[in-house]
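To start, the structure under review is shown below, and the notes come after it.
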Ligand code: ADP
């Protein structure tokens, strides 16, 4: 009897518990434009009244560091608003869309009526009080140059540093970069073996920029590059030590490759340092600088920002303000105004850049009478994703092992050449489209990661790359004439014999060759021209001080990174942009502390 009673009691308790907790969970997946097929898996739990109890992102193949802000924000918003119709997170829109789609799929597949949950709810943000802050050094922009400047300012004695960043996350364009960083250690065996030197880096940078780069700035860049790598390593950043390579348009084997994908290694490193020095360095996200202020003598003394809730945040800078706002590749109107190279860079031409690359720093410094140089020098790459313009989905590992094939199945340029020459050549091809083609020398298994943390096999599965045992099959998959492709590769392979860099040049003037493309399976992926880097900008000296239009220094104002001009000239070498952020970011931080 006792036993029966206890069993009945247990059943009653279980029933009561299940009645009280009537939540139901649904799991779904969705593709992402970054992570590919089924990149995101989410679980959404509804209460018995149909309201959202929780949303979790169980898996996300998008690049860590780039997708984090969406993963952290979208689920919380869905719960707070009890709606799946939420706004995407600026700067992480693709991951946001994938999370929203995974949640929608989960509920739809679970047979849930979405009418109520799809209602758009007003996000009520209470405006916080206006704020007034002071720091020795104030930095606008938490991209590569801005965070390097913040750390350098602290290391050079600043007791207070404030970085404002308009986006909900740090990283800017730098975090989206391929990660290649050019630097030469003159005394290393590698440099001797590669016939490289700081002076050769200098010469190639100056010549590659059509002699428009300021020699002093270029010398500052190349001669501090290796020290920059040591600085990064001193903060714990890891590089793939044995993988010095030639990045596209880099012209020489001197690019260092961080272990972490894209530019995420820089921000992992910088953020760890900043967290450990949070008594000095404060980073304010969602805070947009609107104006740089000056005192009655014309010395820059602070900034005025719009804060997260629309409030005004005024920050005084006792020593200096560093502008590190990046470029304007995402500002179509500015592109069209300044471009002197391409004819048109309207919205049909995509960009690799993040949403925040809108030229704010240019506009703010124009109001101070700053001098701008070479604003028409806008760099495009021939390596954009056909849908998004982003660099992700790029299957190449280095210049020496791949070719570009047009829709007719032919090669059309020196794939080891300058970025502008390659992009111009691509604009002349059918649909401005090409396929990067390589073989299994690059991908012995297909599971090797590209610079973006994606494997070739994942890209093939996602329909963003192609893989075939023979060139004929590959030609069929990508829709080009097989005989033309086979002939083009055979002709290319003739020049690969010996893989000697100093060997004969081919009909396009290519001199960088490695092993022939003859080891199946073969791989291909489509690419289009994409706006990448605005090389013109504000004129600085080698201490990162900013000139006005009369050739005088604007006291208290410093600039570093893509917002500056005169370093890369008419064509930036691949791998020099990250070097630029590290070298000039560090200098700007140091100069700003000194306030000179
Ligand atoms: P760089 O390579 O020169 O460091 P990035 O693009 O990496 O350039 O970083 C520039 C950063 O500046 C981006 O994170 C961008 O969102 C930020 N930024 C641009 N304009 C403003 C602004 N008005 N206020 C605050 N941050 C800004």
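Observations, loosely collected:
- Long-range tail of P(r) for region 437-596 (Cα pairs > 18 Å, %): 71
- The chain, relative contact order in percent, only Cα pairs under 8 angstrom and at least six apart counted: 18
- Rh (Kirkwood; distinct C-alpha pairs) - region 313-401, Å: 15.4
- Extension gain for the segment residue 156 to residue 306, taken as residue separation times 0.36 nm less the Cα-Cα distance, is 51.1 nm to one decimal.
- 10 Å binning of all Cα-Cα separations within region 382-530, expressed as whole percents from 0 upward: 12, 45, 38, 5
- Prolate/oblate/rounded call for region 434-502, Cα gyration tensor, a/c under 1.5 rounded: oblate
- Normalised contact order of region 374-460, rounded percent, pairs of Cα under 8 Å and 6 or more residues apart: 29
- Over the chain, dividing the summed -39,500 (n - 2.57) contributions of all DSSP H runs of at least 4 residues by the number of residues returns a 222 nm mean residue ellipticity of -9500 deg cm²/dmol.
- Zero-based 10 Å bins, Cα pair distances in region 380-443, whole percents: 21, 59, 20
- Kirkwood estimate for region 21-118, i.e. one over the average of 1/r between Cα atoms, Å: 13.0
- Cα-derived Rg to Rh of the chain, Kirkwood definition: 1.03
- Fraction of the pair-distance distribution of region 157-286 above 22 Å, Cα-Cα pairs, percent: 46
- Fraction of beta bridges assigned by DSSP in the chain that are antiparallel (%, nearest 5): 70
- Sorted ascending by nearby beta carbons within 10 Å, beginning with the fewest, 572, 254, 335 become 335, 572, 254.
A short reminder: the numbers here are calculations on the coordinates, not readings from a lab. Owing to the predicted nature of the structure, the values given are computational and were not obtained by experimental measurement. When we count neighbours, we look across all protein chains shown, and the Cβ atoms used for this are built from the backbone with ideal geometry, even at glycine.
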